[in-house]
Amino acid sequence: MILKRVDIKENRKGKSYQFREFFGLNVIVVLFFLLIPVAAFSQTREELEKQRLQLQKEIKEINTLLFKSQKKEKTLLSDLSDIVQRIGVRTKLINTISEETEQLNFEIKENERQVKMLEDRLELLKKDYANMVVQSYKSKTKNSRLMFLLSSESFLQAFKRLEYIKQYAAYRERQGEEILAESIKLKNLNDYLVERRNEKEELLALNKKEKDSITKEKSTQESLVRSIKKKEKKYIAQINKKQKQEKMIDAKIEALIAEAIAKSKKESNLKSSGFALTPEAVALEKDFISNKGKLPSPVERGVIVRRYGKQSHPTLKGITIESNGVFYATEKNANARVIFDGKVLAIQVLPGKKKAVLVQHGNYISVYKNLDNVTVQKGDLVTTKQEIGKIHTDSTTGKTILAFVLFKEIHRQNPEEWVYKN
């Protein structure tokens, strides 16, 4: 009877062992599935962090490149446009920080849940291990283990008991190792949790700083708006005059391109809509097209102050601006640079003795306007990022602006779809 009771205990031990193994496996599975959303959000948070750093860089560039005006009445409209742009970027930054904080909150909560699960599991392992140590102490002598084997009723039973002793010892050793591993895992997770909480505090502090800045900027904006409203008709007339001048310049550039196309077709008797291209020019155009979205900026350092297409004026309601290209503000004495290999198609003189350089890339033409002087001539072969002329700096506003336009034959393209965004 005694032996039978021992065997029953052995079976119970076996079931207990199976339960522990089953429990351990399930905890691992649950942890795995809990970690999946955290990993997914972590990737999204990395993207948000990258976006935040880019917006911070853009604000820094705006402060450096735009806020250099001489603070005269003539610059009020320009100043207001600058501050509107900075408020817009700062608003995007605040929204990005808020999203990043939300993702971080989710990650912290998931980490806290995992810490709780690990703590519960570790507690269970420690209790189980303590019970095993007590049981082992009660039968720790070699004689008791030997008697346990010798009291077997058969060889088969003795063999099973020997296997049980071996498994029990191995399991106890494994439990000790598992407790150590879980303790290390818990410490690492707690350390990671502390880092995320500190990161969250930094983001909240940054968010508050940006909100305080935008409050001050909006106050300045309202003050500038009041000043401009007093002479609104005068400023609208200036904008309309400038838009008319830009259209005349663009019309001359289009006519110049159309003339160059007609001349090339006449020389080769080509009847297609574009240029008569050599095999080398065809290959160049294919390379140009394959690099769409990856072409370098026409300025080494700059901020976009006007985008392509029809758009509402940033400061005056009811006024629409039509932009045939992208306008970059850059640093004083900066040079325009070619976005891709090509050939100088023409150099056009603009009002105020400023110049525009047209570079041909097969049937595509990139145009660099508002240059004080140029360092290339018509027919020159140019390479990617080659500097072609110094950009004009306005004596009143103190701003250095490059107007960049892109054509396919005589049809305007959106340069932002072609140039790489940093």
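Numbers below:
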{"quantity": "Every residue from the range 260-269 that is farther than 20 Å from Gly342 by Cα and open to solvent by 70 Å² or more (accessible area, probe 1.4 Å)", "calculated": "Lys266, Glu267, Asn269"}
{"quantity": "Residues satisfying the stated conditions in the range 308-366, i.e. among the aromatic types (Phe, Trp, Tyr) and more than 25 Å from Gly274 (Cα to Cα)", "calculated": "Phe327, Tyr328"}
{"quantity": "Enumerated strands (runs of 3 or more DSSP E) restricted to the range 364-419, each holding at least 3 residues that are within 17 Å of Leu350 (Cβ to Cβ) and touching a strand residue (DSSP E or B) at 6+ places or on another chain (Cβ under 6 Å)", "calculated": "364-374, 387-391, 400-408"}
{"quantity": "Residue that is nearest to Ser81 (Cα to Cα), among those in the range 381-422 that are over 26 Å from the mean Cα position of the chain (by Cα) and among the charged types (D, E, K, R)", "calculated": "Lys399"}
{"quantity": "Condition check for Lys209: among the basic types (Lys, Arg), open to solvent by 70 Å² or more (accessible area, probe 1.4 Å), modelled with pLDDT of 80 or more and in a helix (DSSP H, G or I)", "calculated": "yes"}
{"quantity": "Scope the range 259-292; condition over 21 Å from Ala346 (Cβ atoms), under 39 Å from the mean Cα position of the chain (by Cα) and not in a helix (DSSP H, G or I); matching residues", "calculated": "Asn291, Lys292"}
{"quantity": "Selected residue (criterion: least open to solvent (accessible area, probe 1.4 Å)) from residues of the range 364-385 that are in contact with a Lys or Arg (Cβ under 6 Å, 6 or more places away or on another chain) and not aliphatic (A, V, I, L, M)", "calculated": "Tyr364"}
{"quantity": "Hey, Val382 in contact with an Asp or Glu (Cβ under 8 Å, 6 or more places away or on another chain) and at pLDDT 95 or above or not", "calculated": "yes"}
{"quantity": "Options Ser290, Ser223: the member that is open to solvent by less than 90 Å² (accessible area, probe 1.4 Å), within 27 Å of Thr397 (Cα to Cα) and among the small types (Gly, Ala, Ser)", "calculated": "Ser223"}
{"quantity": "Search result, residues across the range 265-291 that are of a type outside the set (A, V, I, L, M) and closer than 19 Å to Glu254 by Cα", "calculated": "Lys265, Lys266, Ser272, Ser273, Gly274, Phe275"}
{"quantity": "Tally of residues being part of a loop (DSSP other than H, G, I, E, B) and open to solvent by less than 70 Å² (accessible area, probe 1.4 Å) across the range 315-345", "calculated": "10"}
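The values are calculated or read from the model by the stated rules, or taken from the named source; none is laboratory data. For clarity, every value in this text was computed on a predicted model and none was experimentally measured. FYI the Cβ positions are ideal-geometry reconstructions off the backbone, even for glycines, and counts take in every protein chain you see. SASA here: full protein model, heavy atoms, side chains in, ligands and nucleic acids out. Shrake-Rupley method; radii C 1.70, N 1.55, O 1.52, S 1.80 Å.
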